[in-house]
Structures are given as C-alpha cells and as structure tokens.
Amino acid sequence: MGQPHPAVTAGRHALLEVLEELPEGSHVLLAVSGGSDSMALAASAAFAARKTGIVLHSLTVDHGIRPESAEEAEQVSQWLTALGIDARIAHLSHDRYESASLGPEGDARSGRYAALAHVAVALAKGTGNAVPVLLGHTADDQAETVLMGLSRGSGARSIAGMPAIGSLPMHPEVAMYRPVLAMRREQLRTICIELSIPWVDDPTNEPESTWRQANGMPLLRNAVRHDVIPLLQQVFGAGVIDTLNRTARMLQDDDATLTTLARAALIDAAVASSAMRLRQIHAGERGACEHIDVRTVALASHPRAVRSRALREAFLACGGRNGELVYRHITALDKLVIGIDNNLALDLPGVRVRRVNNVMTFESVNACGGAHES
C-alpha cells in the first residue's frame, strides 16, 4: 500500500497537533457545512481521533436560504456518521435574514456561531468538561479576511485576520481551534478526492449567486474570492495568499503584545473595585461587569495605540460585542480620555460611557443603577 498523498498527511498532522493536546476521552465539536473544506477537516479529525481517543461530534447548520439545504444537511449528516462522528443538524429560520442587521453574510455567521456555542455548551454540561469547537477555515479564507479588514480601515486588529487558537467568535465561553488555517483550499479538496470523501458545493459561494447584499452588490467575500484575489495574483504573483497570511501572523503577534500592555494600563487606571473585576475577567472568569470606572488622567498618559485597546477592553468587559466598536467609536472615546471637559456622555452599542470628575464610567445598558467609586 502506497503512502498517503502529501495533502492527506498534512491534514492528519494538523488535526493530530490539536487533538494530542487534549486529554484522552475529551469531546470535540466540528463545524461542518458539507463543503470540501469542512469535510476534509472531518475526515482528518476522524483519523486523528482514532489515534488520540478523542470523541468527535459535529454540527451542520441549515440556514434555510435554499429549498434544498435541509436535504443537503441530512446528506452531510449521513456522511459524517459513516466517518464515526456523532452528527447533528441545526435548522435556522430563513426569516432571520430578511432584516439582517449585520448584512446577510454577517447575520448568517452570527446565527451559525450561536448554534455552535449552544451545542458546545450543552455537550460540556453532559460530559462535565469544556468542549472546544473546530472550524475549517483555510489560508485562502485568511487572505480574504485580511483584505476585507483592510477595506474597513479599522486598524491592525482587523487586518490581523483570524487566530488559529482562541474563543469562538462572539462566544468567549467556548474555546475554538482552526487546525487547517495554514493549508490551502485546494489541498483540502485534494484530501476529499484522495479519500473519496463526498462534499456539497454551495451555490451561494459562487459569483453568480442570487444572494446579495442589501445594496444589490455581490456578497463581499464572494467578490473578494472571485474578483480581488485573482487580480492580486495577476499583479503580485501566485504567492500573494502566503504573503497575506504571513502579514496576518505578524500583526497578531503585535496585537497580542499591545493588548497585554493595554490590559495592564486599564487595570492601573481603573478604580480598585473595577481593577479587581477586570483581573477576574482577564483570568478567564465568565460574565461581564455592570460598570467599569477608569481615571482619565492615568489612562491618558499612555500612547494612543495602548489607550485605544484599553478602551476596547473596557467596552468588552461591560458586555459589548466584539466587532461592534468601530474607528469612530474609538476616536470619540479617546477624546473623552484626553480632553479636559467633564459631564460628557457617549452611547456605544450596548454600552453607555460617562465622564464625571475625571472618571470615565463604562456601563452596560442593562446594568442596574447605583453609586460608583471614584
């Protein structure tokens, strides 16, 4: 019997690298859409699970956008069951996309991550141990994400793309891995072909898809994938995907360092009770603060790159959602920090900020009233 194709070997090694770090008998949830990327992830995970004693579950989310999607989800479930995976399906209502607040792509992603988080938390309760989610994003996806972040003009964190290890987007209580983030999309399709693994091609990912943005333009990721990336490869050469991925990794390192400095600066500037709660959150405790009180003079002494991240950390600590704080919000917050005027207020998504007596108070819109230490 010959050796496996190099792509098959690479996929198996990528999954072994993640699963070998988990205790034997751990449970893991795979996000499987049924496309070639996620089916290759599932096949590679099934091989690695047999070597490591890991129990695999999967979730396929039927967004209800196409009439045939429910039947496709059932087919994917059968394929995964044949691989020895406990396969589950979540059906989402098409109605939720009619007034998509984040745009059709963003709202679908939000619903998908919410479904994954729900299953991961339920499995964790049943098994007594945390259940991480494995996502099948590739180096191609990363390059697209970097370009989309660049188009938003929202700073290094946005251009840094997706981390290989972290928490599930919008659900910090769930651990997340992207084992094949360094692999190319064509490698994962090769895995499926070599191992005779079937997959589903989703027509909404094609350039001629009838699923559009609210303004009638093609879905942003589709446009980047089918128009922008090929043009960049024409101009800069075939290595542009690798270059964008290398840029993302370097920016992630830079951002991690700046975030560490920002958290320390925020704790140093916070009043005693707020500093204590921030330490608990940074140590991994769940839950958000009702309010965070920060001394403006202390925070203003730090460089803007540190201040802006500290302000973002305060926003997140009070229940703000990652991705909803944009450049104009940060600019307005920073003016509150470095200015001399008091008795000012600023409304952010889900969080209200007030400056009184040179203390900025970040407060969840759902928080109860009460006196704040200053």
What is the local net charge at Val55, summed over the other residues whose Cβ is closer than 14 Å to its Cβ (Lys, Arg +1; Asp, Glu -1)? +1
Roughly speaking, what is the stretch gain from Asn343 to Glu186, that is 0.36 nm per residue apart minus the C-alpha to C-alpha distance, in nm to one decimal? 50.8 nm
With a 1.4 Å probe and every protein chain left in place, work out the accessible area per residue of the chain in Å², rounded to a whole number. 49
Can you give the FRET efficiency for Ala332 and Ala272, using 1/(1 + (r/R0)^6), R0 = 41 Å, r = Cβ-Cβ distance, to the nearest 0.05? 0.90
Would you mind putting 61-74, 139-152, 329-342 in packing order, based on average other-beta-carbon counts within 10 Å, highest first? 139-152, 61-74, 329-342
FRET efficiency estimate (nearest 0.05) - Cβ-Cβ, Glu324 to Ala82, R0 41 angstrom: 0.50
Alpha carbon centroid spacing (whole Å) that separates region 1-50 from region 146-197: 16
At the level of C-alpha centres, the distance separating region 51-68 and region 244-281, in angstrom, is 34
Can you compute the helix-only [θ] at 222 nm over the chain? Use -39500 (n - 2.57) per DSSP H run of at least 4 residues, normalise by all residues, nearest 500 deg cm²/dmol. -15500 deg cm²/dmol
So if I place +1 on the C-beta of Lys and Arg and -1 on the C-beta of Asp and Glu, and nothing else carries charge, what would the dipole magnitude of the chain be about its Cα centre? I want it in debye, nearest 20. 1060
Ala345: net charge of surrounding residues, Cβ under 14 Å, Lys/Arg +1, Asp/Glu -1, itself excluded? +1
Given a 1.4 angstrom probe, I'd like the percentage of the accessible area of the chain that is carbon and sulfur, rounded to a whole number. 53
Full-extension gain between His5 and Glu74, please, as 0.36 nm times their residue separation minus the C-alpha to C-alpha distance. 21.9 nm
Grab the other residues whose beta carbon is less than 12 angstrom from that of Thr296, score K and R as +1, D and E as -1, and report the net. +2
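The values are calculated or read from the model by the stated rules, or taken from the named source; none is laboratory data. In this text the structure is predicted, and so the values were computed from the model without any measurement. Please note: Cβ atoms are built from the backbone with ideal geometry, for glycine as well, and neighbour counts cover all protein chains shown. Ligands, DNA and RNA are stripped out before the accessible areas are found, and what is left, the full protein with its side chains, is counted by its heavy atoms. Shrake-Rupley method; radii C 1.70, N 1.55, O 1.52, S 1.80 Å.
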